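Participant: Here it is, the structure, as structure tokens.
Coordinate-derived values only; no laboratory data. Predicted, not measured: the structure shown is a model, and the values here were computed from it. Positions of Cβ are backbone-derived with ideal geometry, glycine not excepted, and every protein chain shown enters the neighbour counts.
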Amino acid sequence: MDDIVRQAIAKWPNVPDCYGWLGLDARGNWYMRDDRVQALGPFAAAAGGSPASKGSRLQHEKLIDFIQRNYESDARGCWFFQNGPQRVYVELETTPFVWRVHPDLSVVAHSSEPAQVRTCVLDETGRVYLETNLGFGLVHTLDTGWAAEAVERALWMPQEIEAQALPARFGYVVSPQSLARKAG
């Protein structure tokens with residue numbers, strides 16, 4: 001976490017949390033979701049239900065870097081961006097991390113942080129996930145060939161798990177906004 005963020009938390013400790021305004025998609029892209037977009041529906045498409053309502057894709061590199069440096073999870077498994085004294089909870093399309101796999105089979109998060117693979121998971125649709133020292137995430141669709149290479153070399157041994165069971169199994173919340181509504 002940035003020092004300036006720590007200082008803001010100390011100066012203003014009681015700023016209310018923000019829900020629904022920021023999303024992370026399955027390709028590691030960040031989206032800003034204003035009131036109008038939120039009213040259109042959830043960030044992630046519901047299985048067999050409503051389509052996704054993502055919002056505006058963030059493209060300002062310094063803003064994205066700031067978000068990614070201050071991206072953490074709370075004790076409930078809800079991921080957030082600590083924006084000064086305010087926690088901005090992140091709606092996830094799939095998982096808290098999106099992994100890029102390089103030709104040497106090294107793994108890097110959407111935030112460019114290197115990660116060490118602990119577990120490989122395969123869901124019923126063939127999507128590949130990795131549990132790492134940083135957390136749990138989906139392998140980027142462009143890198144599934146490299147993931148297959150790691151499996152063929154027996155570096156990763158995929159465990160089959162249904163996609164709906166992943167959040168509970170790996171301790172993350174896809175929609176902190178929905179969780180807050182239920183609690184409130």
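Participant: Counting Lys and Arg as +1 and Asp and Glu as -1, what is the net charge of the other residues whose Cβ lies under 14 Å from the Cβ of residue 22?
Facilitator: Working: positive: 33, 54, 57, 87; negative: 17, 25, 34, 35, 72, 91, 93.
Spelling it out: positives minus negatives among the neighbours equals -3.
Participant: Note the full-extension length gain between residue 179 and residue 113 as 0.36 nm times their separation in residues minus their Cα-Cα distance, in nm to one decimal. It would help to have the intermediate numbers written out before the result.
Facilitator: Working: separation 66, 0.36 × 66 = 23.76 nm, distance 2.82 nm.
Full extension of this stretch gives 20.9 nm more.
Participant: Tally Lys and Arg at +1 and Asp and Glu at -1 over the other residues with C-beta under 15 Å from the C-beta of residue 116: what net charge comes out? Could you put the intermediate results ahead of the total?
Facilitator: Numbers: positive: 100, 118; negative: 104, 113, 131.
Neighbourhood net charge equals -1.
Participant: Hey, how many Å between the Cα centroid of segment 132-184 and the Cα centroid of segment 77-99?
Facilitator: Measuring centre to centre over Cα atoms gives 15 Å.
Participant: With θ set to phi - 60°, apply the Karplus curve 6.51 cos²θ - 1.76 cosθ + 1.60 along segment 78-84 and write out the HN-Hα couplings as whole Hz, x wherever there is a Gly or Pro.
Facilitator: Each residue's phi maps through the Karplus curve to give 8, 8, 8, 10, 7, 9, x Hz.
Participant: Give me the percent relative contact order of segment 97-166, please, defined on Cα pairs under 8 angstrom at least 6 residues apart. Show your work: numbers first, answer last.
Facilitator: On the way: 123 pairs, mean separation 22.6, N = 70.
Contact order relative to length: 32 percent.
Participant: To continue, here is another question. Taking the Cα centre as origin and putting +1 on Lys and Arg beta-carbons and -1 on Asp and Glu beta-carbons, what dipole magnitude results for segment 97-166, to the nearest 20 debye?
Facilitator: Numbers: 4 positive and 10 negative charges, 34 e Å.
Using Cβ point charges on Lys, Arg, Asp and Glu, segment 97-166 gives about 160 debye.
Participant: Tell me the net charge near residue 100. Cut-off is 13 Å between Cβ atoms, residue 100 excluded, with +1 for each Lys or Arg and -1 for each Asp or Glu.
Facilitator: Numbers: positive: 27; negative: 104, 113, 143.
Local charge sum for residue 100: -2.
Participant: For residue 99, what residues show an amide H to amide H distance below 5 Å, using hydrogens built from the backbone and excluding near sequence neighbours?
Facilitator: 138, 139, 140
Participant: Tell me, 112, 53, 178 in order of fewest to most beta-carbon neighbours within 10 Å?
Facilitator: 112, 178, 53
Participant: Moving on. Specify the longest stretch of the chain that does not include any exposed loop site, a site being one of the GluC sites (Glu not before Pro) with a non-H, G, I, E, B DSSP assignment and at most 11 other Cβ atoms within 10 Å. Intermediate results must be reported in sequence, preceding the final value.
Facilitator: Values: sites that count: 124, 162.
Excluding the exposed sites themselves, the longest stretch runs over 1-123.
Participant: Which stretch or stretches of segment 159-175 have amide N atoms under 19 Å from the point lying 7 Å from residue 144's Cα along the Cα→Cβ direction?
Facilitator: 159-166, by backbone N distance to the label point.
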